[in-house]
Amino acid sequence: MSVLQVSGLSKSFGGVHAVRNVSFAVVAGELLAMIGPNGAGKSTCFNLINGQLTPDAGRVLLEGRSITGLPPRAIWRLGVGRTFQVTATFASMTVRENVQVALLSHARRLPSPFAQAPRLQVAQADALLAQAGMLDQADRPAAVLAYGDLKRLELAIALANRPRLLLMDEPTAGMACGERAALMRLTASLARASAIAVLFTEHDMDTVFTHADRVIVLAGGERIAEGAPAKVRADPRVREAYLGTEALDA
């Protein structure tokens, strides 16, 4: 059974069809890249899955259970993690404390986790930081981290709710080439080891075609292609709508 099943998802803003009848699925351990030009509907689709927007039509199923229209907090508690294009961390807190707060929120342990986070969930936070390759920086303030390390920290935070599905919005944005490859290798390793389905958006096509198991392409709010990276890369509709021919033939 698919971890994520999206069927006939649609959303309009006024007379603009941001997402129109989009369907796809992601299975455990798979990395599915969602690509397309600006305005294609990628962010809207993510926000519909994550509960930040309510669809006009269609369904979103998480392991067979409908999460359509649920608020983001409820979806997160059901096992959907998310990272953002612009990293969302607490700059004044340490790396470990950032993860502890996420763990405490998931466990519903405290009404005010910020005050008591340093004393709780230490071992669990360190285990997640070790997975993300950040344990050696656990005591550093998040504010002093290099950008690539912030992305790793955000990944550790996203794993705090033991996700079955991980949504990653531009995970490598702003990173150097080597950092991009390292983060995606880490993501793939974690996804396969823990049977996590990963849906990610990305504008760096080297990252997409190197690390995605499958690719779905949106244009004008509609799905125009889906399949293995090589198949999508050669699709004339994808070339015309997004990739162009010169870059592919170079």
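The values are calculated or read from the model by the stated rules, or taken from the named source; none is laboratory data. What you see is a predicted model; the values in this text were computed from it and never measured. Here the Cβ positions follow ideal geometry from the backbone for every residue, glycine too, while neighbour counts run over all protein chains shown.
Of everything in region 53-62, what is under 17 Å from the mean Cα position of the chain (by Cα) and under 21 Å from A28 (Cβ atoms)? Give them in sequence order.
Step one: filter region 53-62 for residues under 17 Å from the mean Cα position of the chain (by Cα), giving 53, 60-62.
Selection gives V60, L61, L62.
Residues of region 195-215 being aliphatic (A, V, I, L, M) and touching a helix residue (DSSP H, G or I) at 6+ places or on another chain (Cβ under 8 Å), which ones? Even if it seems obvious, please write down each step before you answer.
Taking region 195-215 first, the residues aliphatic (A, V, I, L, M) are 195-199, 205, 208, 212, 215.
Answer for region 195-215, where residues must be aliphatic (A, V, I, L, M) and touching a helix residue (DSSP H, G or I) at 6+ places or on another chain (Cβ under 8 Å): I196, A197, V198, L199, M205, V208, A212, V215.
For region 13-30, which residues satisfy the criterion of being out of contact with any Cys (no Cβ under 8 Å at 6 or more places or on another chain), surrounded by 15 or more Cβ atoms within 10 Å (Cβ to Cβ) and in a strand (DSSP E or B)? So that I can check it myself, show each step before the final result.
Quick first cut of region 13-30, residues out of contact with any Cys (no Cβ under 8 Å at 6 or more places or on another chain) only: 13-18, 20-21, 23-30.
This time we only want the ones that are surrounded by 15 or more Cβ atoms within 10 Å (Cβ to Cβ), so: 17-18, 20, 24-30.
Once the filter is applied, which keeps residues that are out of contact with any Cys (no Cβ under 8 Å at 6 or more places or on another chain), surrounded by 15 or more Cβ atoms within 10 Å (Cβ to Cβ) and in a strand (DSSP E or B), region 13-30 yields H17, A18, R20, F24, A25, V26.
Go through region 120-148 and count every residue that is assigned to a loop (DSSP other than H, G, I, E, B), under 15 Å from F90 (Cβ atoms) and small (G, A, S).
1
Any residue at all in region 155-164 that is among the small types (G, A, S), part of a loop (DSSP other than H, G, I, E, B) and free of Cβ contacts under 8 Å to residues at least 12 places away in the same chain? Let's see the steps before the verdict.
Keep residues of region 155-164 that are among the small types (G, A, S), which gives 156, 158, 160.
Next, from what is left, pick out any that are part of a loop (DSSP other than H, G, I, E, B): 160.
Filter again for free of Cβ contacts under 8 Å to residues at least 12 places away in the same chain, leaving none.
No, that holds for no residue.
Look through A241, A225 and report the one residue that is in contact with an Asp or Glu (Cβ under 8 Å, 6 or more places away or on another chain) and among the hydrophobic types (A, V, I, L, M, F, W, C).
Values: A241 fails: in contact with an Asp or Glu (Cβ under 8 Å, 6 or more places away or on another chain).
Checking each option against the conditions leaves just A225.
For the structure I just gave you, tell me whether R239 is out of contact with any Cys (no Cβ under 7 Å at 6 or more places or on another chain), within 20 Å of V3 (Cα to Cα) and either in contact (Cβ under 8 Å) with a residue 12 or more places away in the chain or crowded, with 16+ Cβ neighbours inside 10 Å (or both). Working first, answer last.
On the way: out of contact with any Cys (no Cβ under 7 Å at 6 or more places or on another chain): yes; within 20 Å of V3 (Cα to Cα): no; either in contact (Cβ under 8 Å) with a residue 12 or more places away in the chain or crowded, with 16+ Cβ neighbours inside 10 Å (or both): yes.
No.
Could you list all residues from region 165-190 that are touching a residue at least 24 places away in the same chain (Cβ under 8 Å) and hydroxyl-bearing (S, T, Y)?
Selection gives T172, T187.
Against the condition more than 24 Å from R65 (Cβ to Cβ), touching a strand residue (DSSP E or B) at 6+ places or on another chain (Cβ under 9 Å) and either surrounded by fewer than 19 Cβ atoms within 10 Å (Cβ to Cβ) or modelled with pLDDT under 90 (or both), how does P171 come out, does it pass?
Numbers: more than 24 Å from R65 (Cβ to Cβ): yes; touching a strand residue (DSSP E or B) at 6+ places or on another chain (Cβ under 9 Å): yes; either surrounded by fewer than 19 Cβ atoms within 10 Å (Cβ to Cβ) or modelled with pLDDT under 90 (or both): no.
No.
For Q52, only one of the following conditions fails: (1) closer than 27 Å to L190 by Cα; (2) out of contact with any Pro (no Cβ under 9 Å at 6 or more places or on another chain); (3) free of Cβ contacts under 8 Å to residues at least 60 places away in the same chain. What is its number?
(2)
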